[in-house]
């Protein structure tokens, strides 16, 4: 038995030593000044990511680590997954999250899950996939057998159509493309209702276009029930309906954004409303100004200023400065 174990370990070490390994990463420093109805607080955080990628033929292993001062510098393994191809079928298995740019990404919170697996296959112009959503906590396989999903997407006349059976009770649909220079994205979830979600539908609409170096974007969320708007790490909205402060209130949100680049500096202004964000009939109006510039040192300086309603009579101002190497 000892010989068998030794042989297995040696085999694993040999395969690892022969793999093509690369290390990438990024880091940022954040300084946050908040003035909430006259009460000022400041916080700072240094956050770093290290990404390890090992390749052997068609098989790749990815491990993504995060170290944040806000977590006392502890190292957190965010992603850990394997991708490979078997007989034309793509396989991705492990712990990974879905992107906000994916189907229903601005509606659902695509958080990481453990034991997740996705199988994908290209059939002509149609991309097919199916898998299991995994469990919500490490070391647990609770619910793994109940989280099956399947979907398909294709492009017709330049427009991408995507459908997904997200669970036994949830169906997702999306379409995006460009018509006459205007880019659009429409997505819908239809939830029949479970112990976690309240039944109903939620929609996401996005329109954007550029002219003379200026980009204008409109985005809207509209849900039958507040529990359907889950996303709390948006790539679009300056404030998010899925944040804890609004998750039990907001069913509707809209925002207009305008951005341009002046002498190498990108300037973005976002203005929107979280309907009923404070209480029934009392909305949260907000405006955010963001400035981003690449520095000669290779770092990127980002400064954002956000002003939003904190109550029916007070406002909250938030200034964040970030340096990204």
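The values are calculated or read from the model by the stated rules, or taken from the named source; none is laboratory data. Keep in mind that what you see is a predicted model, and the values were worked out from it rather than measured. Cβ sites come from the backbone with ideal geometry, for glycine too, and all protein chains shown count toward neighbours.
Could you tell me which numbered condition residue 246 fails, if it satisfies all but one of (1) touching a strand residue (DSSP E or B) at 6+ places or on another chain (Cβ under 6 Å); (2) surrounded by fewer than 18 Cβ atoms within 10 Å (Cβ to Cβ)?
With respect to (1) touching a strand residue (DSSP E or B) at 6+ places or on another chain (Cβ under 6 Å); (2) surrounded by fewer than 18 Cβ atoms within 10 Å (Cβ to Cβ), residue 246 is out only on (2).
Out of all the residues in region 96-123, which are at pLDDT below 90 and more than 27 Å from residue 219 (Cβ to Cβ)?
If the condition is that a residue be at pLDDT below 90 and more than 27 Å from residue 219 (Cβ to Cβ), then 114, 115, 116 are the ones that fit.
This table checks each residue for (1) modelled with pLDDT of 90 or more; (2) in contact with a strand residue (DSSP E or B) (Cβ under 8 Å, 6 or more places away or on another chain); (3) in a strand (DSSP E or B).
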position	(1), (2), (3)
6	no, no, no
14	no, no, no
24	yes, yes, yes
27	no, yes, yes
30	no, yes, yes
51	yes, yes, yes
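Considering only residues that are in contact (Cβ under 8 Å) with a residue 60 or more places away in the chain and under 17 Å from residue 26 (Cα atoms), which ones fall in region 277-325?
Across region 277-325, the qualifying residues are 321, 322, 323, 324, 325.
Conditions (1) farther than 19 Å from residue 120 by Cβ; (2) surrounded by 18 or more Cβ atoms within 10 Å (Cβ to Cβ); (3) in contact with a helix residue (DSSP H, G or I) (Cβ under 8 Å, 6 or more places away or on another chain); (4) free of Cβ contacts under 8 Å to residues at least 12 places away in the same chain, marked per residue:
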residue	(1), (2), (3), (4)
159	yes, no, no, no
163	no, no, no, no
171	yes, no, no, no
174	no, yes, no, no
181	yes, no, no, no
185	yes, yes, no, no
198	yes, no, yes, no
204	yes, yes, no, no
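Suppose the filter is farther than 21 Å from residue 126 by Cβ, over 21 Å from the mean Cα position of the chain (by Cα) and part of a strand (DSSP E or B); does residue 209 pass it? Talk me through it step by step, then tell me what you get.
On the way: farther than 21 Å from residue 126 by Cβ: yes; over 21 Å from the mean Cα position of the chain (by Cα): yes; part of a strand (DSSP E or B): yes.
So residue 209 passes the test.
Residues to consider are 310, 296; find the one that is out of contact with any strand residue (DSSP E or B) (no Cβ under 6 Å at 6 or more places or on another chain) and at pLDDT below 95. Show your work before the answer.
On the way: 310 fails: out of contact with any strand residue (DSSP E or B) (no Cβ under 6 Å at 6 or more places or on another chain).
After ruling out the rest, the residue left standing is 296.
Can you confirm whether region 296-309 contains a residue that is assigned to a loop (DSSP other than H, G, I, E, B) and either under 24 Å from the mean Cα position of the chain (by Cα) or surrounded by 14 or more Cβ atoms within 10 Å (Cβ to Cβ) (or both)?
Keep residues of region 296-309 that are assigned to a loop (DSSP other than H, G, I, E, B), which gives 296-299.
When the remaining residues are screened for being either under 24 Å from the mean Cα position of the chain (by Cα) or surrounded by 14 or more Cβ atoms within 10 Å (Cβ to Cβ) (or both), the result is 299.
Yes, there is a match, as at least one residue in region 296-309 is assigned to a loop (DSSP other than H, G, I, E, B) and either under 24 Å from the mean Cα position of the chain (by Cα) or surrounded by 14 or more Cβ atoms within 10 Å (Cβ to Cβ) (or both).
Which numbered condition trips up residue 232, out of (1) without any contact (Cβ under 8 Å) to a residue 60 or more places away in the chain; (2) surrounded by fewer than 20 Cβ atoms within 10 Å (Cβ to Cβ); (3) closer than 20 Å to residue 191 by Cα; (4) under 18 Å from the mean Cα position of the chain (by Cα)?
(1)
Consider residue 91 against the criteria (1) closer than 30 Å to residue 162 by Cβ; (2) under 20 Å from the mean Cα position of the chain (by Cα): it satisfies all of them except one. Which criterion is unmet?
Unmet for residue 91, out of (1) closer than 30 Å to residue 162 by Cβ; (2) under 20 Å from the mean Cα position of the chain (by Cα): (2).
Could you say which residue among 39, 46 is within 24 Å of residue 236 (Cα to Cα) and either surrounded by fewer than 17 Cβ atoms within 10 Å (Cβ to Cβ) or in contact (Cβ under 8 Å) with a residue 24 or more places away in the chain (or both)? Show your work before the answer.
Details: 39 fails: within 24 Å of residue 236 (Cα to Cα).
After applying the criteria, what remains is 46.
Take residue 71 and tell me if it is at pLDDT below 90 and surrounded by fewer than 15 Cβ atoms within 10 Å (Cβ to Cβ).
Values: at pLDDT below 90: yes; surrounded by fewer than 15 Cβ atoms within 10 Å (Cβ to Cβ): yes.
Spelling it out, residue 71 is indeed at pLDDT below 90 and surrounded by fewer than 15 Cβ atoms within 10 Å (Cβ to Cβ).
Do we find a residue being over 24 Å from residue 178 (Cα atoms) and in a loop (DSSP other than H, G, I, E, B) anywhere in region 280-289?
So the first thing to find is which residues in region 280-289 are over 24 Å from residue 178 (Cα atoms), and the list is 280-289.
Now restrict to residues that are in a loop (DSSP other than H, G, I, E, B): 280-281.
Yes; the residues of region 280-289 include at least one that is over 24 Å from residue 178 (Cα atoms) and in a loop (DSSP other than H, G, I, E, B).
For (1) more than 30 Å from residue 43 (Cα to Cα); (2) out of contact with any strand residue (DSSP E or B) (no Cβ under 6 Å at 6 or more places or on another chain); (3) touching a residue at least 12 places away in the same chain (Cβ under 8 Å); (4) surrounded by 14 or more Cβ atoms within 10 Å (Cβ to Cβ), each residue gets a yes or a no:
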{"position": "60", "(1), (2), (3), (4)": "yes, no, yes, yes"}
{"position": "63", "(1), (2), (3), (4)": "no, no, yes, yes"}
{"position": "76", "(1), (2), (3), (4)": "no, no, no, no"}
{"position": "88", "(1), (2), (3), (4)": "yes, yes, yes, no"}
{"position": "104", "(1), (2), (3), (4)": "yes, no, yes, yes"}
{"position": "115", "(1), (2), (3), (4)": "yes, no, yes, yes"}
{"position": "124", "(1), (2), (3), (4)": "yes, yes, no, no"}
{"position": "132", "(1), (2), (3), (4)": "yes, no, yes, yes"}
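Answer with yes or no whether residue 239 is closer than 26 Å to residue 214 by Cβ, surrounded by fewer than 15 Cβ atoms within 10 Å (Cβ to Cβ) and out of contact with any helix residue (DSSP H, G or I) (no Cβ under 7 Å at 6 or more places or on another chain). Walk me through it before giving the result.
Numbers: closer than 26 Å to residue 214 by Cβ: yes; surrounded by fewer than 15 Cβ atoms within 10 Å (Cβ to Cβ): no; out of contact with any helix residue (DSSP H, G or I) (no Cβ under 7 Å at 6 or more places or on another chain): yes.
No.
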